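The block underneath contains the structure these notes are about, expressed in C-alpha cells.
The values are calculated or read from the model by the stated rules, or taken from the named source; none is laboratory data. This structure is a prediction, so every number in the text was calculated from the model and none was measured. Neighbour counts run over all protein chains shown; Cβ positions are idealised from the backbone, glycine included.
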Amino acid sequence: MGFGIAPIVGTWAIPALVGAGCVTGAVAAVLPHPSRPVALALNTTVGLLTMLVSLEGHQWFELSLPIYLGIFAAASVAVTAGAGVARLVIERVPRPWVRIAIRIAAFWLAAMQMLMIAFPIAPST
C-alpha cells in the first residue's frame, strides 16, 4: 500500500514516520507485553510509513522492478529486525535484567526520535 500511494503524498511522511517510531518505542518501553492488536497496528503503521518515505519524490514505475523489490525487502527487515532481536534475546537469556535492558533501549530510541521531531519545530533563536 505504501508503494501505491508514495507518489501522491508530500513531505509529511518523514516526520510522521519519526513520530510513529517514537510512539512505538514508548509503547515498547511502557508496556512489557503489548496486546497483539496494538503490536500489529504499530507494525503496520511503521511499515506503511517506511514504504512511503523510501519512495518519496518518485513517480509510479519510475524505478525498475528490482529496486522496488529491494526497497520492500530492506524496509520489511528494518521494521521487524528490532522486535525479532529483542524477542530472541529475551527468550534466550532468561534473566530479569534482560527485559529491563530491552525496555531501556526502547525508551532511549523513543527519546532520540522525540529530539528528531523537536529540533525542526523548535523556534530558532
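See the values below:
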| quantity | calculated |
| --- | --- |
| Candidate set from the stretch 7-64 (those that are farther than 24 Å from Ala118 by Cβ and β-branched (Val, Ile, Thr)); member that is farthest from the chain's Cα centre (by Cα) | Ile8 |
| Those residues of the stretch 47-70 which are of a type in the set (A, V, I, L, M, F, W, C) and touching a Leu at 6+ places or on another chain (Cβ under 7 Å), in sequence order | Leu49, Val53 |
| Test: Val27 is at pLDDT 85 or above, surrounded by fewer than 18 Cβ atoms within 10 Å (Cβ to Cβ) and in contact with a Ser or Thr (Cβ under 9 Å, 6 or more places away or on another chain) | no |
| Subset of the stretch 35-92 that is among the aromatic types (Phe, Trp, Tyr) and either in contact with a helix residue (DSSP H, G or I) (Cβ under 6 Å, 6 or more places away or on another chain) or outside any helix (DSSP H, G or I) (or both) - its residue that is surrounded by the most Cβ atoms within 10 Å (Cβ to Cβ) | Trp60 |
